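Heads up: the structure comes next, in structure tokens.
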Amino acid sequence: MTSQVLKNAVKFLKEYTPCDVSDSLAKQGLKNGGFFPNLTQYSSSSQSSADGSVVGTAYTVLFAPIDDPRPSVKGGYIDHIPEGSFVVIGLTKELQKSEAPYVKVNNALYGGLMSTRAQYLNANGTVVFGRIRDVNEHRSLKYPVFAYGLGTTAAQSVVKIVGVQVPIEINIGENFYETIEPHDLIIGDENGIVRIPKTVDLESVLDYIPKRVEADQLVATDIANGKPANPSQKERRAGL
């Protein structure tokens, strides 16, 4: 998939929601609609949802325990974020949990200085499958950040970066893992985070979204005018 195709997809998807994308991915056979559970949006680009969704291509960062035999990544990651990226930060599998708080690390993996640099490099947002800190700094920057929870202590005493632009396996429940690959498309808003994997037909996914949205808008009008929901959905979504 070329960089121009991805840029066009990012521009297109900003007009839709993660829910719209999940509907399309479910149509493609992804039962969970590409959704990653348990995340909260702690900051956004504005106080209004009118600006659209946060969309970008995954720039992945993997943290491991401080005693992991792999060396730390020299230079880290924060100064090398490509423009238009959605920074995706995760932990190795042994540091994840199926139940709340979903990770075994209470230290924050990401803070306000990181958002300041990411924003300067024109990243579109950050999702942390772990804890963050400095939440008011992210909000003041109006830089979108999603995470499992909050913390106060920096991470370097307990974890280190062992991979950048590598696959990240995320526990989405009952020790079932979904893998986020570098350059996967990521979309998020207050509903949560959805990933469009490279294994699906992107053209088909994007083609379905506006058709389904239009059909559902017609269903909403029908219901508001007193028509029962089930026959309206059946009629309006016929042929999709």
Send over a whole-number figure in Å² for the accessible area per residue of segment 185-240, probe 1.4 Å. 56
Can you pull out the trypsin sites (Lys or Arg not before Pro) in segment 183-222 whose DSSP state is coil and whose Cβ has at most 12 other Cβ atoms within 10 Å? Lys198
I need the peptides 228-237, 183-192 ranked by packing, meaning the mean over residues of other C-beta atoms within 10 angstrom, with the highest value on top. 183-192, 228-237
Determine the relative contact order of the chain: mean sequence separation of Cα pairs under 8 Å and six or more apart, normalised by residue count, in whole percent. 27
Helix-only [θ] at 222 nm, the chain, -39500 (n - 2.57) per DSSP H run of 4+, per residue, nearest 500, equals -8500 deg cm²/dmol
Comparing Gln96, Gln41, Gln28 in a Gaussian network model of the chain (Cα, 10 Å), the one with the largest mean-square fluctuation is Gln28
Rg/Rh for the chain, where both radii come from Cα atoms and Rh is the Kirkwood radius: 1.00
How much area per residue is accessible in segment 2-160 when the probe is 1.4 Å and only protein heavy atoms are counted (Å²)? 48
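Note down, for segment 125-227, the three equivalent ellipsoid semi-axes (square root of 5 times each alpha carbon gyration tensor eigenvalue), biggest first, whole angstrom.
34, 20, 13
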With both bridge residues required to lie in the chain, what share of the DSSP beta bridges run antiparallel, to the nearest 5%? 55
Determine the share of the chain's accessible area contributed by carbon and sulfur atoms, expressed in whole percent, with a 1.4 angstrom probe. 50
Where in segment 28-114 are there GluC sites (Glu not before Pro) that are in a DSSP coil and have at most 13 other Cβ atoms within 10 angstrom of their Cβ? Glu83, Glu99
Can you pull out the chymotrypsin sites (Phe, Trp or Tyr not before Pro) in segment 155-240 that DSSP calls coil and that have at most 16 other Cβ atoms within 10 Å? Phe176
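The values are calculated or read from the model by the stated rules, or taken from the named source; none is laboratory data. Computed from a prediction, not measured in an experiment: that's the story for all the values here. No Cβ is skipped: glycine too gets one built from the backbone with ideal geometry, and neighbour counts run over all protein chains shown. In case anyone asks, the SASA skips ligands and DNA or RNA and just uses the protein heavy atoms, side chains included. Shrake-Rupley method; radii C 1.70, N 1.55, O 1.52, S 1.80 Å.
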